[in-house]
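Values in this text are rule-based calculations from the coordinates and carry no lab data. For clarity, every value in this text was computed on a predicted model and none was experimentally measured. All Cβ positions, glycine included, derive from the backbone under ideal geometry; neighbour counts span all protein chains shown.
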Ligand code: 13P
């Protein structure tokens, strides 16, 4: 499969924002008409759990899919406060972010856990968006490749080539998240092509060619084009700039992608 088969993907991660029904409704009602004519890339937004149902309802006739920001790895059980894959599926959710650095750093989520969450998502036909990326110290110590390699190795352990077809990887250097200091497109491309090569080696050349690898970390309307011009960057995972309909729409539409 050639790179032309990788449909670009733009994802908005709302984090713990816009999670009341009026807020979600306002943001999506603003966004839906702005991106209505976009047909050459996939759009996913990930609101908090509290408004996933409203979001899937509002987007039922739109070209926007709805993702969750996390899930529990078990289907059900005594896990107070947790949400499982079948519960998300029941709300019309199609995607789920797994292993976001905020969950790893603030909630101690390790990659063994990420692996179990991916398994559960796949079992219930949710497309996992698996986040990897180094922190500032690791970046400064030039450990990026080693860190990302380990995250991929542990996170994707045991998956088959067929399962890998459902997965999207998001490379989010932690030092670039919410800082306004995005990685340069050159650096991001270097890491993306490293990830692609490792996946081709670990799984198969087909997996390497077909998997989508997104960049995340301070993506804005004015830097989207430079990321999308890179051959191994297949889209973006956007935090802050996904919270306003017109700003996110500008990112979604960017410049025509080099494909
Ligand atoms: P920002 O776009 O706010 O830097 O956040 C990136 C992110 O963490 C998306 O998951």
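How high is the relative contact order of the chain, in percent, counting Cα pairs under 8 Å that sit 6 or more residues apart?
Relative contact order for the chain comes out at 21 percent.
Computed on alpha carbon atoms, what radius of gyration and Dmax characterise the range 1-109, expressed in Å?
So, for the range 1-109, Rg and Dmax equal 14.9, 45 Å respectively.
Using only helices, what value at 222 nm comes out for the chain when you add -39,500 (n - 2.57) per DSSP H run of length 4 or more and divide by the total residues, to the nearest 500 deg cm²/dmol?
After summing the helix terms and dividing by residue count, I get -11500 deg cm²/dmol.
Report the label-to-label distance for residue 166 and residue 82 in nanometres (one decimal), using points 7 Å from each Cα along the Cα→Cβ vector.
1.9
Which whole-number percent is the relative contact order of the range 85-182 (Cα, under 8 Å, 6+ apart)?
Once normalised by length, the contact order is 32 percent.
If you consider only alpha-carbon coordinates, what radius of gyration and Dmax does the chain have, in Å?
17.0, 48
Express in whole angstrom the spacing between the alpha-carbon centres of the range 133-185 and the range 41-102.
22
Given the range 136-219, what whole percent of its Cα pairs are spread farther than 18 Å?
Pairs farther apart than 18 Å: 41 percent.
Take every DSSP beta bridge whose two residues both sit in the range 107-259, then give the antiparallel share in percent to the nearest 5.
0
Sorted by average packing, counted as other Cβ atoms within 10 angstrom per residue and highest first, what order do 75-82, 151-158 take?
151-158, 75-82
Determine by what factor the alpha-carbon radius of gyration of the range 195-255 differs from 2.2 N^0.38 Å, reporting the quotient.
1.29
Could you work out how far apart the two model spin labels at residue 247 and residue 110 are, taking each label as a point 7 Å from the Cα in the direction of the beta carbon, and quote it in nm?
Label-label distance for residue 247 and residue 110, simple model: 3.7 nm.
What three numbers, in Å, describe the spread of the alpha carbons of the range 68-213 along their principal axes, ordered from the longest?
Between the extreme Cα coordinates on each principal axis of the range 68-213 lie 42, 34, 24 Å.
R0 = 41 Å: FRET efficiency of residue 94 with residue 137, Cβ-based, nearest 0.05?
Step by step, r from the Cβ atoms, then E = 0.70.
So what are the three principal axis dimensions of the range 22-85 from its Cα atoms, in whole Å, longest to shortest?
44, 27, 15
Å³ per residue of the Cα convex hull, for the range 72-143?
Roughly 95 Å³ of hull volume per residue.
Relative contact order for the range 167-212 using alpha-carbon pairs under 8 Å, separation at least 6, rounded to a whole percent?
It comes to 39 percent, rounded to a whole number.
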